[in-house]
């Protein structure tokens, strides 16, 4: 009799765990689908990275120190990717990473997706620069200097947005040193918030 009760108990427990897992996976799939539907090519993702370098870089922002990395979202065959300037895993330059990997909890605390106002032709030219940068093998700017034929993540976004959008992104400055911090890309700028991970908010 006791054996039957234990078998019954573990059967119920296993079923409850299965239901919770299915429900959790379903909710994640729903959120992933919502994000995929809401996102457009050329949207910008802002990420708070789980890394020492990320923690140091976000401290360079003078107004909002939530984010440390950024990239351009582009969908290919229904799959979202992030193109971001980085120096990692032996690669230096514009790296293509799946959206899911870029926002994985192991490397990302939180993120937001924003959209700049652009005409379709300008957006197309904006996106064409991705292929141009890859083709010309432009490396990540590990000196973090402006106008030296290479880019770090926020510098590339600022350069492209200033070139193809009606918005002008200003730089930050400490003494004589000028740079583009992550918060320069959005702070007090008329951009559209598309997704905010820590609030599950879709606009």
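Which of rounded, prolate or oblate describes segment 83-163 when judged by the alpha-carbon gyration tensor and an a/c cut-off of 1.5?
Oblate, since a/c reaches 1.5 and b/c is not below a/b.
Based on alpha-carbon centroids, what's the gap between segment 91-107 and segment 115-166 in Å, whole number please?
18
Using the number of other C-beta atoms within 10 angstrom as an exposure proxy, rank 59, 85 with the fewest first.
In increasing order of surrounding Cβ atoms, one gets 59, 85.
Would you please report the Å³ per residue occupied by the convex hull of the alpha carbon atoms in segment 41-202?
In segment 41-202, the Cα hull volume divided by residue count equals 123 Å³.
Read the figures in this text as sums done on the coordinates, not as results from a lab. Just so it is clear, the structure is predicted and the values come from calculations on it, not from any experiment. With ideal geometry, Cβ positions are generated from the backbone for all residues, glycine too; neighbour counts draw on all protein chains shown.
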